[in-house]
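Take a look at the structure set out below.
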Amino acid sequence: MKNVVKYLIFALALGFFLCVTALVRMQVREHRHLTTCKKVEIIFKDTLNFVSEDDVRACLKKNCQTLLGQRIDSLRLHEIEKVLDERSAIRSAQAWTADSTLFISISQREPVARLETSSGPYYIDGRGFVFPVQGNCAKRFPVVKGELPLHEPQQMLDFLAHMRKNKWEERISSISVSPSGMLTLVPEEGKEHFIFGRPENIEEKFGKMNEYYKRIKPAVEEGLYSSVNVQYKGQIICRK
């Protein structure tokens, strides 16, 4: 008899809990159904400044439904993210709601270099994505002049990644690419240009550039050499 009473009490308690849970969920849905969007907050996860808050709001105004005043549960968050992701300088956008506010988080693409080509200036990021120069980004990136082989960018991306990792991007002003894909590096300071050759055996060639700065340059008068060729294995060829 006692067991029957226990099971009955348990069943009643469980039923009460389920009823309360269902009621709370209904109230939450009803609240969201009645709640309207009163504020759109834009959050930038970086400081690159390719895209401004005004740019984001203008893009949403042009391509999405009116957001303010719409029911929170009617906002098409996926559509908002898709519209913003189509902007070339935006790597990813995330949209979510809380109470009466629509939050939009923006991550911008971070370039590894600025490309100066015959068709105009562009940026290229670490994944090889190329997009037009835009916005008010004050950060400095290595300048690559010439025609970069964008159909096979990986060697150049590896080259630029090595420059960044080993602080060479702070010392190199620009990189010229010849029609045959040969690189010439122009440092921020000094008269000499480094003839690098193709972007291969990267670590070895930068090692020879370090060797030049540590052993050769201090031993000669300033500005003696105009070019330093590091493209050949085991050789550093300096010319006046």
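The values are calculated or read from the model by the stated rules, or taken from the named source; none is laboratory data. Keep in mind the model is a prediction, meaning the values are calculated, not measured. Neighbour counts are summed over all protein chains in view; Cβ atoms, including those assigned to glycine, are modelled from backbone coordinates with ideal geometry.
Please work out which residue is surrounded by the fewest Cβ atoms within 10 Å (Cβ to Cβ), limiting yourself to segment 198-216 and to residues that are over 21 Å from residue 178 (Cβ atoms) and touching a residue at least 12 places away in the same chain (Cβ under 8 Å). Talk me through it step by step, then tell me what you get.
Keep residues of segment 198-216 that are over 21 Å from residue 178 (Cβ atoms), which gives 203, 207, 210-216.
Filter again for touching a residue at least 12 places away in the same chain (Cβ under 8 Å), leaving 203, 211-212, 216.
Values: 203: 8, 211: 13, 212: 18, 216: 16.
Residue satisfying both the conditions and the ranking: 203.
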Practice task
Go through segment 228-240 and give me each residue that's under 22 Å from residue 162 (Cα atoms) and either surrounded by fewer than 16 Cβ atoms within 10 Å (Cβ to Cβ) or β-branched (Val, Ile, Thr) (or both).
Solution key: 228, 230, 232, 233, 234, 235, 236
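Here's the yes/no breakdown for (1) touching a Ser or Thr at 6+ places or on another chain (Cβ under 6 Å); (2) surrounded by fewer than 18 Cβ atoms within 10 Å (Cβ to Cβ); (3) touching a residue at least 40 places away in the same chain (Cβ under 8 Å); (4) not charged (D, E, K, R):
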residue	(1), (2), (3), (4)
35	yes, yes, yes, yes
43	yes, yes, yes, yes
63	no, yes, no, yes
72	yes, no, yes, yes
79	no, yes, no, no
93	no, no, no, yes
119	no, yes, no, yes
Problem - residue 105 being more than 30 Å from residue 172 (Cβ to Cβ), at pLDDT 90 or above and touching a strand residue (DSSP E or B) at 6+ places or on another chain (Cβ under 7 Å) - result: yes
Practice task
Could you tell me whether any residue of segment 142-150 is modelled with pLDDT under 85 and out of contact with any strand residue (DSSP E or B) (no Cβ under 7 Å at 6 or more places or on another chain)?
Solution key: yes
Fill in the blank from the handout: The lone condition residue 59 fails out of (1) surrounded by 13 or more Cβ atoms within 10 Å (Cβ to Cβ); (2) within 12 Å of residue 108 (Cβ to Cβ) is (2)
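Evaluate the following for residue 222: is it among the acidic types (Asp, Glu), over 19 Å from residue 124 (Cα atoms) and assigned by TED's automatic domain parsing to the domain that holds residue 130?
It is true that residue 222 is among the acidic types (Asp, Glu), over 19 Å from residue 124 (Cα atoms) and assigned by TED's automatic domain parsing to the domain that holds residue 130.
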Completion exercise
Note on segment 173-209: residues assigned to a helix (DSSP H, G or I) and either of a type outside the set (A, V, I, L, M) or more than 24 Å from residue 220 (Cβ to Cβ) (or both) are 202, 203, 204, 205, 206, 207, 208
Practice task
Please work out which one of (1) exposed (fewer than 15 other Cβ atoms within 10 Å of the Cβ); (2) at pLDDT 85 or above; (3) not assigned by TED's automatic domain parsing to the domain that holds residue 169 is the condition residue 87 fails and give its number.
Solution key: (1)
Completion exercise
Considering only strands (runs of 3 or more DSSP E) wholly within segment 57-156, the ones with at least 2 residues that are over 30 Å from residue 181 (Cα atoms), β-branched (Val, Ile, Thr) and in contact with an Asp or Glu (Cβ under 9 Å, 6 or more places away or on another chain) are 101-108
Exercise for the section: Pull up segment 123-160, narrow it to residues that are among the aromatic types (Phe, Trp, Tyr) and under 14 Å from the mean Cα position of the chain (by Cα), then point me to the one that is surrounded by the fewest Cβ atoms within 10 Å (Cβ to Cβ). Expected result: 129
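A quick yes/no check of all residues on (1) in the same structural domain as residue 173 (by TED's automatic domain parsing); (2) under 24 Å from the mean Cα position of the chain (by Cα):
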{"position": "49", "(1), (2)": "no, yes"}
{"position": "76", "(1), (2)": "no, no"}
{"position": "99", "(1), (2)": "no, no"}
{"position": "102", "(1), (2)": "no, yes"}
{"position": "118", "(1), (2)": "yes, no"}
{"position": "121", "(1), (2)": "yes, yes"}
